[in-house]
Structures are given as C-alpha cells and as structure tokens.
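Here the structure is laid out as structure tokens; the discussion comes afterwards.
The values are calculated or read from the model by the stated rules, or taken from the named source; none is laboratory data. Predicted model only: the values in this text are computed from it and were never measured. No Cβ is skipped: glycine too gets one built from the backbone with ideal geometry, and neighbour counts run over all protein chains shown. Note: accessible area is taken over every heavy atom of the protein model, side chains too, but ligands, DNA and RNA are not part of it. Shrake-Rupley method; radii C 1.70, N 1.55, O 1.52, S 1.80 Å.
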Amino acid sequence: MSAIIRPLIETAARSVDVHVVVPPRWAGTGVGEADLASLRALPGTTWHIFDSPDHPSLRTTPSDPGAVLRIVRAIDPDYSFCRSADVVTPCRFPGKVGFLMEADFPPLPSRGRIRLSGAGIFDHGVMPWLDEGQRDWLAGQTRPLLEAVRSMRRGDAAGRARLFDQTGLPADRRVIALPLEHDGEDNFYMMHSPAPVNEPFVRELAARLGDDCVLALTIHPAQRQDRAAMARLEGLACDRVRILAPADDGDATPALARHCDGMIVRDSKSFVWPALFGKPVFRLSRFASAPWLNVYSDFDALQTALRSGRPNVPDIEEALVWIGFHLANNAFLATDPDLALADLIDRVERPFHPARWDLGLEQSRADLLAAAASLHSIGA
C-alpha cells in the first residue's frame, strides 16, 4: 500500500467505516500477503481482496467489470476514492466518485502532492471561469515565476548555442522536442494514449519530419532502467532523431524545452515547460487541453507553423494563473496532519472552492519561490 493511499485510508477511518477494494500485488500494484496483516489491523477498515484469475485486468480494462461492480454495489458507498487507470468502471459505482492522481507539476519540486479529480484525469491546464479578483490574486501568487521566466529570455541565444554544442543538436535546423513517457507494462495509464508505445510513435513522427527539422528525445527516468526498451530507442537515433543524455539533475527536458523551437506531448506533465517558455505544442491525447495552451492537434500543422515564424504559443500569463489555481484549489498533501475526511469529501462535492485557496498556496509558497530561483539555471 503506497505512502499516499494509506494515510488517506487512516484519515477517513477516523470518522467513518472504510471499505478497501484492492487486487493482489502484481506489477508493482495491489497488496501483498506481507502487507495484509498490518493493513487489516487498521481500525475502521474492511478489506476486500479481489483475487480472481484475471485480476491483472483490473489495472486497465476489467475482463469482468460486473464482478467488481457487484462488490462495490454490495458495499453501497456514499463516496469512492479511486486510484485506477480505469476511469470507466468506477463511474458506474453508486455514490460519488473521485480519482486520486499525482499533483506535482514542474517547475515545483516533488512533494507528494495529490488531487481528487473527475474522470478527466489528464486534462491539461483546464480551470473554471474565474472573476477578475480571483485571477489577479492567483497571478500575484505566481508572479515570481513570471518574473524569472521573463528575465531568462535575455540569455536564450547564448544558452541555446551552449546546449546545442553540448548535445550535438544542429544549429541550422528547427528542433522539435519530444519528452517520452515511460511505456513499460507497469505504466497502466498509457492505456489512454493514442500512441501507447514509444518506438512506433517516434518512427511515425520521424517519417513525417521535414528536412529542415530534427526530433530531439528525452527519456523518462523509469524508461532508462529498461535496457531492452532503451536499446530499441537508441536504434532510432539518426540524422532526424537525436536522443539527449540526462542532465546532471537527471532530466534534460527543461533545458530542451527552453531552447527548442516546438514540443510534442501526450499526457506528460512536461506540458508545463513549453507553457512557461512560450513554445508551440503539438498534443496527441484523448483528454482536454485548455484554450490558453493553443495546442496543435496535427504534427504537420506544427511544422508548417514553425516555418511561418508565427506559430501559436501558450499564453504565459494564463499558464501562471493555472499553476496558482492548481496549487491553491486542487493539490494537497495526503500526509498533512490536519487533513480530515470532510476535506476529502469537500473536494468531491465542490471541485472549485476558493475558501481553501489560502491554505493551498501556503503549503506551496516556499516551493514557488524556490522554483523561481532555480529557473535561471535551466539551460543557462
């Protein structure tokens, strides 16, 4: 049981009866026999171990969703908090349903933030209508980031020349960045991607790439641990496809995002980098993209826009309002000692609730200032 989910179970069980429906351990998920003794000892909890032969399918598309539904309908919960790549089956549960997702986004450091969302688990940059006062307040909270990004632009030409020299990227061609997500069998969320396997995805893009462009790949840290997958990706390297080695901090994506000409994303959190640096984005996803991201939905359209010299780019000021909104309204810490069941229920009942914004920003204010300070060193 993860360090995020167990505290939430303990928080809820202090007030109500909690039923946990979970499969046996498999591919890094579920619950193992060694964990069950301590978990079953948690007061106020009832455990339902769904140990059928096809339990691995629960991570993506259940082969027998009726079996899961029968268990949950017998429990008849008022609220279900789901940690699942499957967003279809839980939406058939009785009561109200929220999906638990990671809420740490760049450029802030990872703190184990989470959020309770609807079924649009990979909607990017989406926020409700905000009045002028709310927008101004959120923009003020994230202004250090805006000032940092604006000041960085003075050194962009020199930083780009250094990065290209270090990585061998061609200075006479447009560089389109592609941060690859981990496509291993343990990333069940890739089930939602229109291009769930990296190698054929890169091959297709390379085949459509103009002679005036080059595709620059950065590799997810989990992917770099898979030697077979890395060998296949390295076999794609050619004049049109370059693979950047990880930076000193383990991720070359931020520097590449700062100095590339455009970026391709699927459902990766890396979409925040081109939003901050004002780079045009082609997004391939089944989920929503906020209007302020100005995404291209076609790769050829992105290339044509780059050649025009006037591509559509994300709205940096809107990006900062969204970051502030996300931290203030959506993100929270499962390990917060003051977190109560009422807070979790409120996030399901009132996804938009300005009354919690002060506390939400207070938990992240130091990280905002640290992120603003660290931005200057990215690709400098």
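If the condition is being in contact with a Phe, Trp or Tyr (Cβ under 9 Å, 6 or more places away or on another chain), more than 16 Å from residue 345 (Cβ to Cβ) and not hydrophobic (A, V, I, L, M, F, W, C), then the range 1-26 contributes 23, 24. Screening the candidates 116, 130, 108, 100 for the property of being open to solvent by less than 30 Å² (accessible area, probe 1.4 Å) and touching a Gly at 6+ places or on another chain (Cβ under 6 Å) yields one hit, 116.
Across the range 265-295, the qualifying residues are those that are of a type in the set (Phe, Trp, Tyr) and within 24 Å of residue 152 (Cβ to Cβ), and the one among them that is surrounded by the most Cβ atoms within 10 Å (Cβ to Cβ) is 271.
Suppose we keep only residues that are in a loop (DSSP other than H, G, I, E, B) and touching a Lys or Arg at 6+ places or on another chain (Cβ under 8 Å) within the range 86-121. Which one would you say is nearest to residue 251 (Cα to Cα)? Please lay out each step first, then the result.
As a first pass, look at the range 86-121 and keep what is in a loop (DSSP other than H, G, I, E, B): 86-89, 93-95, 103-112, 118-121.
Applying the additional criterion that residues be touching a Lys or Arg at 6+ places or on another chain (Cβ under 8 Å) yields 86, 93-94, 103-106.
Details: 86: 29, 93: 39, 94: 42, 103: 19, 104: 16, 105: 14, 106: 12 Å.
Filtering first and then ranking leaves 106.
In the range 7-40, which residue that is more than 23 Å from residue 336 (Cβ to Cβ) and either hydroxyl-bearing (Ser, Thr, Tyr) or free of Cβ contacts under 8 Å to residues at least 24 places away in the same chain (or both) is surrounded by the most Cβ atoms within 10 Å (Cβ to Cβ)? If we take residues in the range 7-40 being more than 23 Å from residue 336 (Cβ to Cβ) and either hydroxyl-bearing (Ser, Thr, Tyr) or free of Cβ contacts under 8 Å to residues at least 24 places away in the same chain (or both), then 29 is surrounded by the most Cβ atoms within 10 Å (Cβ to Cβ).
In summary, residue 148 fulfils each of the numbered conditions (1) under 18 Å from the mean Cα position of the chain (by Cα); (2) surrounded by 14 or more Cβ atoms within 10 Å (Cβ to Cβ); (3) closer than 28 Å to residue 327 by Cα with the single exception of condition (1).
For (1) assigned by the TED database to the domain that holds residue 11; (2) under 21 Å from residue 6 (Cα atoms); (3) exposed (fewer than 12 other Cβ atoms within 10 Å of the Cβ), each residue gets a yes or a no:
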residue: 42; (1), (2), (3): yes, yes, no
residue: 53; (1), (2), (3): yes, no, yes
residue: 59; (1), (2), (3): yes, yes, no
residue: 63; (1), (2), (3): yes, no, no
residue: 69; (1), (2), (3): yes, no, no
residue: 77; (1), (2), (3): yes, yes, no
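For (1) open to solvent by less than 30 Å² (accessible area, probe 1.4 Å); (2) in contact with a helix residue (DSSP H, G or I) (Cβ under 7 Å, 6 or more places away or on another chain); (3) assigned by the TED database to the domain that holds residue 256; (4) at pLDDT 95 or above, each residue gets a yes or a no:
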{"residue": "308", "(1), (2), (3), (4)": "no, no, yes, yes"}
{"residue": "338", "(1), (2), (3), (4)": "no, no, no, no"}
{"residue": "343", "(1), (2), (3), (4)": "no, no, no, yes"}
{"residue": "347", "(1), (2), (3), (4)": "no, no, no, yes"}
{"residue": "354", "(1), (2), (3), (4)": "no, yes, no, yes"}
{"residue": "357", "(1), (2), (3), (4)": "yes, yes, no, yes"}
{"residue": "362", "(1), (2), (3), (4)": "no, no, no, no"}
{"residue": "373", "(1), (2), (3), (4)": "no, no, no, no"}
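The residues in the range 202-224 that are over 12 Å from residue 244 (Cα atoms) and over 20 Å from the mean Cα position of the chain (by Cα) can be counted, and the count is 13.
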